[in-house]
Amino acid sequence: MNLMSAIGKMGKGYAPWLLFITQILILLHFSACKVPAVIVFGDSSVDSGNNNFIPTIARSNFEPYGRDFLNGNPTGRFSNGRIPPDFVSEAFGIKEAVPAYLDPAYTISDFATGVCFASAGTGYDNATSNVAGVIPLWKEVEYYKEYQKKLRAYLGEENANEILSEALYLVSIGTNDFLENYYALTERRCEFPSVEQYEDFLIGLAENFFREIYDLGARKISLTGLPPMGCLPLERAMNILEFHNCMEEYNNLALEFNGKLGWLVSNLNNDLPGLQMIDANVYDIFLQIVKNPSDFGFEEAKTGCCGTGRFEMGFLCDPKFTCQDANKYVFWDAFHPSQKTSQILSNYLIEKHLVMFL
């Protein structure tokens, strides 16, 4: 029995001591770690279940999602198992899974070492979050401010501020702005006739977001750009005229936008004292996996494990029509990578970009 389990059996009469000892253990953890917590903003690529607690169809808290998770239960992660923030948190010796901020099963003692504010279906653009009625990025920041208040009340001003400045902030967002908004609806295309104009609009929104969380205390930030969007099974399924090959238009867009994000990262690092922001671009390694799946131990890269693997995700992902072994698939559903792919991408991210924080 570990220390926390033993304390938990002491009963309600020991609640004040339990709280005190828990705080001591957390502070000991912080003093021993260069990165005491992992804090997450973004979309479904990093959402650990916040959408479970809002009225939206963009959810995955049901089978077969989560079947390979730590306890085999669906958590709201758009995966058969864990997602990149979980693997990063584990690599930094913190914990195996980063909890969703809106999940009432967790408290500030859990969030003190890692918390996720991400919402599946969101984007830099508020109009993107409106598509599926999910949490806009500005609201993720509001939840972060609320979290800061709770953390300061729990650990004290000085300790909380140290955690907030030393924490690693993982940000993964942007795909929905293009695939679920700009190319799917007409409003933004009327406002921004060229996609390059819309890209620049998003870069402006991204800059405002990063400056805001910097002002709130964030100093170590990892920004993941766009994946090769044209190779997502859903996009390939719709690319009939090119025999379901990757949509190069979308891939080229991702490369162009990632280049602008890299420029933004460089500018912010030069402009904001003490900022250590990383352009954690995984486009190339993701494309390698898709183009040469057998090199990474996969058998299928064109379709997902769920259903036909071409269109299904969310509520359309039926357990009765899902593959037996998701480890053979690069993608879990028509839009999201499998747990195995997420682990490969996370290992690459850690070894190439985040090692400076270890």
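The values are calculated or read from the model by the stated rules, or taken from the named source; none is laboratory data. Keep in mind it's a predicted model, so treat the numbers as computed, not measured. Here the Cβ positions follow ideal geometry from the backbone for every residue, glycine too, while neighbour counts run over all protein chains shown. Each accessible area value is taken on the protein alone, full model and side chains, heavy atoms only, with ligands, DNA and RNA left out. Shrake-Rupley method; radii C 1.70, N 1.55, O 1.52, S 1.80 Å.
Backbone amide hydrogens, once placed in the peptide plane, bring Val115 within less than 5 Å of Val38, Ile39, Val40, excluding anything fewer than 5 places away on its chain.
Using C-alpha pairs under 8 Å with a sequence gap of at least 6, the mean separation divided by the residue count of the stretch 169-303 gives a relative contact order of 27 percent.
Values (i) 17.4; (ii) 18.3; (iii) 21.7 are given for comparison; mean projected area of the Cα convex hull in nm², derived from the coordinates here, is the one labelled (ii). Here the stretch 99-198 is treated with +1 on each Lys and Arg Cβ and -1 on each Asp and Glu Cβ, and its dipole about the Cα centre works out to around 180 debye. Taking every DSSP beta bridge that has both ends in the chain, the antiparallel portion is near 10%.
Within the stretch 216-358, DSSP assigns beta bridges of which about 25% are antiparallel (rounded to the nearest 5). Using a 1.4 Å probe on the protein chains only, how many percent of the accessible area of the stretch 162-201 belongs to carbon and sulfur? Carbon and sulfur: 48 percent of the exposed surface of the stretch 162-201.
Think of the stretch 100-162 as having a plus end and a minus end, set by charges on the Cβ of Lys, Arg, Asp and Glu; of Gly156, Phe111, Leu137, Leu137 sits farthest toward the positive end of this dipole.
Solvent exposure of the chain amounts to 43 Å² per residue of accessible area, where only protein heavy atoms count and the probe is 1.4 Å. In the chain, with Lys and Arg counted as +1 and Asp and Glu as -1 at Cβ, which of these residues, Ser222, Asn208, Asn281, has the Cα nearest the positive end of the dipole, that is, farthest along it? The Cα lying farthest towards the positive end belongs to Ser222. Placing +1 on the Cβ of every Lys and Arg and -1 on the Cβ of every Asp and Glu, with nothing else charged, gives the chain a dipole about its Cα centre of roughly 1140 debye. Just to be sure I understand the rule: take each whole DSSP H helix in the chain, project its Cα atoms onto its long axis, keep it if the span is 18 Å or more and its mean Kyte-Doolittle hydropathy is at least 0.0. Which ones pass? Membrane-span-like by this criterion, though nothing is claimed about a membrane: 15-32.
A simple charge model with +1 on the Cβ of Lys and Arg, -1 on the Cβ of Asp and Glu and nothing else charged puts the dipole of the stretch 296-335 at about 60 debye relative to its Cα centre.
When the chain is described by a simple charge dipole with +1 on each Lys and Arg Cβ and -1 on each Asp and Glu Cβ, the residue from Asn181, His336, Tyr65 located farthest towards its positive end is Tyr65.
Longest segment of the chain with no GluC sites (Glu not before Pro) in a DSSP loop having at most 12 other Cβ atoms within 10 Å? My reading of the result: 97-298 is the longest stretch.
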